[in-house]
Amino acid sequence: MKFEKRPLSFCSVLCTCFFLLGVSQAQQSQPAGQGQPAAPPRRGFVDAPNTLPYDLLLTHGHVIDAKNHVDKVTDVAIKDGLIARVGDNLNSKDAAKTIDVTGYYVTPGLIDLHMHVYATPGEKNSYAGDNSIWPDGFTFRNGVTTGVDAGSSGWRNFPDFKEHVIDRSETRVLAMLNIVGAGMRPNGIEQNLDDMDGAATGQMALKYPGVIVGVKSAHFTGPEWKPYDEAVKAGNIADIPVMIDYGSRRIERPLYDLLATHLRKGDIYTHAFSGHRGEQDSTTLKASAAMLIGRKRGIYFDAGTGGGSFAWSVAIPLLQNGFPPDSLSTDLHIDSMNSGTKDMLNVADKFLAMGQSLQTVIQEVTWNPAQEIRQPQLGNLSVGSPADVAVLSEEQGKFGFADMYNTKLMGDTKLICQLTVRSGKIVYDLNGISMDMWNEPASSDPKLSPHWTTFRLRSFGTARPPVQAPATKK
Ligand SMILES: [Zn+2]
């Protein structure tokens, strides 16, 4: 059980206490976490009560849970959407469904801190529109159970975003509000200083605690400090962090000043390895003085690799010289989904290829981002936490990983998501490890299946035909 010392751990004890104070009340009434909607129910299920102690039991997996310092082969039991127990030799007779995950890693569901998923408005060249992607098509197959939309909507269009995407997605979608009221949109809309209203943004965030988890500024090209200072104003009103994409590099607003004075402890600087705005010292190639003062002050650094925000020539020297990220994220949108970034596990693979341990990388996609957005019920496998779980395998081979300049770093490990559990139910199963062979009888009571899977056992309400075929070789 060894975890590399991470910048976040300096304050984790203090932060945890602070979180507990703020969260305990909300959790008493809403155990699934601060008013966040549960995944919408699938059709066609009759919910027979499960009197067994557990709904789903994952046995013999290598559990990596950074918050609880677990890094060993053990079992994870789930009941009523929550983690019920983590421990050795749990009995499969106590669970409606048991899956042997020997040889796989079992981690908290991944959190992608930076995505763009406000796809519905259909506006051209707009992150509140065509540039966004639908979350469920990209999350579960990567073990991601929580995706944070980083500023695609602002306070004016957040209700529309919530109604059309957040409330209809099986992924737990959280949001950072753009400081621009009209959101992340083209034709000068997102540059409009007059629509950057910290008070209105903060007030909207107060209406949706636990769903709006931050404030975002992005892509700003002007010399003014207003976008950042208004974002902080909103953050102070709603007591949430701000995330900064620092836009164009301007001599009038040096990165050092942003990180030394304008941002607060606990705010988030994304695109940390782009090199676009002075993240790297041009002489030593190490992290710049701005980055060092930011880290010293407790600002978090997020990867947000995106379409044009990750360069090997920046990331490798920074990591080699002691400047790892606090969190990994994709900045997923219609360009980054097929170019260098691809998906969350590909981002994780890149940091493995740079020499980070699997334990560290898992921490950077689970417990660290949960702390950054102050949602300490997520990103861990504590008893009582929402049962969001990823089951991952490691493929060994020769793999190339791309950056924004179409250059690559070779690595020998690729993570594959085998199974994803969201709020206690299987939502993705790549190789059918939860499933019975087609020509063998059911190994668990089908009536109890709604307790552990979202998959319909029968299509169109018909029963599975009796097994008649001769047994074939498995
Ligand atoms: Zn982005």
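The values are calculated or read from the model by the stated rules, or taken from the named source; none is laboratory data. Remember, predicted model here, so these are calculated numbers, not experimental data. Reconstructed Cβ throughout: ideal geometry from the backbone, glycine too, with neighbour counts over all protein chains shown.
On inspection, P186 passes the criterion of being within 16 Å of the ligand (Cβ to nearest atom) and surrounded by fewer than 19 Cβ atoms within 10 Å (Cβ to Cβ).
Find the strands (runs of 3 or more DSSP E) located wholly in segment 324-441 whose residues include 2 or more that are in contact with a strand residue (DSSP E or B) (Cβ under 6 Å, 6 or more places away or on another chain), of a type outside the set (A, V, I, L, M, F, W, C) and under 18 Å from V314 (Cα atoms), and list them. Spell out how you get there, then give the answer.
Details: elements: 389-402, 408-422, 425-429.
Once the strands (runs of 3 or more DSSP E) in segment 324-441 are filtered for at least 2 residues that are in contact with a strand residue (DSSP E or B) (Cβ under 6 Å, 6 or more places away or on another chain), of a type outside the set (A, V, I, L, M, F, W, C) and under 18 Å from V314 (Cα atoms), what remains is 408-422.
Of all residues in segment 300-312, those satisfying the criterion of being surrounded by fewer than 24 Cβ atoms within 10 Å (Cβ to Cβ) and either free of Cβ contacts under 8 Å to residues at least 60 places away in the same chain or within 16 Å of the ligand (Cβ to nearest atom) (or both) are G307, G308.
Where residues in segment 151-169 are under 15 Å from A119 (Cα atoms) and part of a loop (DSSP other than H, G, I, E, B), which of them is nearest to the chain's Cα centre (by Cα)? The residue in question is S169.
Residues are listed down the side, and each one gets a yes or a no for (1) assigned to a loop (DSSP other than H, G, I, E, B); (2) surrounded by fewer than 21 Cβ atoms within 10 Å (Cβ to Cβ); (3) at pLDDT below 95; (4) touching a strand residue (DSSP E or B) at 6+ places or on another chain (Cβ under 9 Å):
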site: A84; (1), (2), (3), (4): no, no, no, yes
site: G103; (1), (2), (3), (4): yes, yes, no, yes
site: D112; (1), (2), (3), (4): no, no, no, yes
site: V117; (1), (2), (3), (4): yes, no, no, yes
site: G122; (1), (2), (3), (4): yes, yes, yes, no
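The combined condition, being of a type in the set (K, R), more than 16 Å from the ligand (Cβ to nearest atom) and over 27 Å from N50 (Cβ atoms), is not fulfilled by R85. Just a yes or no: is a residue in segment 133-141 within 15 Å of the ligand (Cβ to nearest atom) and hydroxyl-bearing (S, T, Y)? So far as segment 133-141 goes, no, none of its residues is within 15 Å of the ligand (Cβ to nearest atom) and hydroxyl-bearing (S, T, Y).
Could you go through segment 174-181 and let me know if any residue there is away from the ligand (no atom under 16 Å from the Cβ), over 20 Å from H271 (Cα atoms) and touching a residue at least 24 places away in the same chain (Cβ under 8 Å).
For segment 174-181, residues away from the ligand (no atom under 16 Å from the Cβ), over 20 Å from H271 (Cα atoms) and touching a residue at least 24 places away in the same chain (Cβ under 8 Å): present.
For segment 252-270, filtering for residues that are within 16 Å of the ligand (Cβ to nearest atom) and of a type in the set (A, V, I, L, M, F, W, C) leaves 1. Just one residue in the set G35, G44 is touching a Phe, Trp or Tyr at 6+ places or on another chain (Cβ under 8 Å), at pLDDT below 95 and assigned to a loop (DSSP other than H, G, I, E, B); that residue is G35. Every test in (1) out of contact with any strand residue (DSSP E or B) (no Cβ under 6 Å at 6 or more places or on another chain); (2) away from the ligand (no atom under 16 Å from the Cβ) is passed by F273 save one, and that test is (2). Looking only at segment 314-355, which residues are more than 16 Å from the ligand (Cβ to nearest atom), touching a residue at least 40 places away in the same chain (Cβ under 8 Å) and more than 19 Å from the chain's Cα centre (by Cα)? Within segment 314-355, V314, A315, I316, L318, A353, M354 meet the criteria. Listed by first and then second residue, the pairs linking a residue in segment 377-395 that is at positive phi to a residue that is at pLDDT 95 or above, with Cβ atoms under 6 Å apart and 6 or more places separating them unless they lie on different chains, are G379/P108; G379/I111; G379/T366; G379/W367; G379/A370; G384/L82.
Filtered by the rule that a residue be among the hydroxyl-bearing types (S, T, Y) and either modelled with pLDDT under 95 or within 16 Å of the ligand (Cβ to nearest atom) (or both), segment 208-227 gives S217, T221.
Has segment 209-232 got at least one residue that is part of a strand (DSSP E or B), polar (S, T, N, Q) and within 29 Å of T171 (Cβ to Cβ)? There is at least one residue in segment 209-232 that is part of a strand (DSSP E or B), polar (S, T, N, Q) and within 29 Å of T171 (Cβ to Cβ).
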